[in-house]
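The structure appears below as structure tokens.
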Amino acid sequence: MTVTADLAISLDGFIAGTDVTLDNPGGDGAEPLFAWIHDLASWRHRQGMTGGVENRDSELMREWFDATGAVVMGRMMYDTGEEFWGADPPFKAPVFVLTHRPRPTLVREGGTTFTFVTDGIHSALDRAKAAAGDRNVDIAGGASTVQQYLGAGLIDELQLHVVPALLGAGLRLFEGLGAGRRTLEPVRVVATPLATHLKYRLVK
């Protein structure tokens, strides 16, 4: 089992724009980070839609979806996505939501459940590992959640989809990691016109 994080990131290191709120989860100026995903066949299928482009980018998204057996996310990500995801969210797996506000587990269509974890990142990860079986656990976000797991040395593989755009401001991924630095060992580099896909293994 591998603990992963998979994020789109601008060339200048931002994974969200400025003024991130519940009504503006990507932040101002973040459209280039995510626009490339929306026409991919694998992404559209995951959202319950048809059609889309079959290319190398779509293959990489499908690979990530298929390998993930459980997900951990922060409460901000959940709150901003709850209405958009609707009755049949795209995760198709157990999701563990880090929060200080308890809430009963929610069972949705398509195999997605949302379990709200109030006792920290290690507990959420342990529960996700138990639920994932022989598949991976993905630390989905947002930025603060991924930073906590990176800082604690709990992520095994990091995949970054580097989009050819300069945001200039916003939320940076690699800030506030403290003493949790680890060596990044390159696993794969795939360049397409839409993004450069970098996969790293994080080693002690």
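The values are calculated or read from the model by the stated rules, or taken from the named source; none is laboratory data. It should be emphasised that the depicted structure is a prediction, and the values quoted were computed from it without experimental measurement. Note that we place each Cβ from the backbone using ideal geometry, even for glycine, and neighbour counts take in every protein chain shown. Only protein heavy atoms, including side chains, enter the accessible area calculation; ligands, DNA and RNA are left aside. Shrake-Rupley method; radii C 1.70, N 1.55, O 1.52, S 1.80 Å.
Descriptive notes on the structure:
- Only one of the listed residues (A67, A87) is in contact (Cβ under 8 Å) with a residue 40 or more places away in the chain and either in contact with a helix residue (DSSP H, G or I) (Cβ under 8 Å, 6 or more places away or on another chain) or of a type in the set (A, V, I, L, M, F, W, C) (or both). That residue is A67.
- Looking only at segment 146-167, and only at residues there that are polar (S, T, N, Q) and more than 10 Å from the chain's Cα centre (by Cα), the one that is most open to solvent (accessible area, probe 1.4 Å): Q148
- Considering segment 89-127, the residues that are part of a helix (DSSP H, G or I) and aliphatic (A, V, I, L, M) include one that is farthest from V137 (Cα to Cα), namely I121.
- The residues of segment 171-197 that are in a loop (DSSP other than H, G, I, E, B), in contact with a Gly (Cβ under 7 Å, 6 or more places away or on another chain) and either open to solvent by 30 Å² or more (accessible area, probe 1.4 Å) or among the charged types (D, E, K, R) (or both), listed by number, are F174, L177, G178, R182.
- Residues of segment 72-83 include at least one that is without any contact (Cβ under 8 Å) to a residue 40 or more places away in the chain, under 15 Å from F114 (Cα atoms) and touching a Pro at 6+ places or on another chain (Cβ under 9 Å).
- Filter pass, F84 being surrounded by fewer than 19 Cβ atoms within 10 Å (Cβ to Cβ) and either in contact with a Gly (Cβ under 6 Å, 6 or more places away or on another chain) or not in a strand (DSSP E or B) (or both): yes
- Conditions (1) closer than 15 Å to V97 by Cβ; (2) surrounded by fewer than 16 Cβ atoms within 10 Å (Cβ to Cβ); (3) not charged (D, E, K, R): number failed by L125: (2)
- Inter-residue pairs, beta-carbon under 9 Å, first closer than 23 Å to R46 by Cα and in segment 109-123, second open to solvent by 50 Å² or more (accessible area, probe 1.4 Å) and part of a helix (DSSP H, G or I), 6+ apart: F114/E82; T115/R127
- Checking T105 against (1) in contact with a helix residue (DSSP H, G or I) (Cβ under 9 Å, 6 or more places away or on another chain); (2) free of Cβ contacts under 8 Å to residues at least 24 places away in the same chain, the condition it does not meet: (1)
- Filter result (within 13 Å of A5 (Cα to Cα) and open to solvent by 50 Å² or more (accessible area, probe 1.4 Å)) within segment 128-145: S144
- Members of segment 154-204 found to be farther than 20 Å from S144 by Cα, polar (S, T, N, Q) and in contact (Cβ under 8 Å) with a residue 60 or more places away in the chain, listed by number: T192
- Condition met for V71 (among the β-branched types (V, I, T), touching a Leu at 6+ places or on another chain (Cβ under 6 Å) and at pLDDT 95 or above): no
- Test: residue in segment 28-44 that is of a type in the set (S, T, N, Q), at pLDDT below 95 and touching an Asp or Glu at 6+ places or on another chain (Cβ under 9 Å): no
- Cross-chain or 6+ apart pairs with Cβ under 7 Å, segment 36-59 first and at negative phi, then acidic (D, E) and not in a helix (DSSP H, G or I): A41/E54; V53/D39
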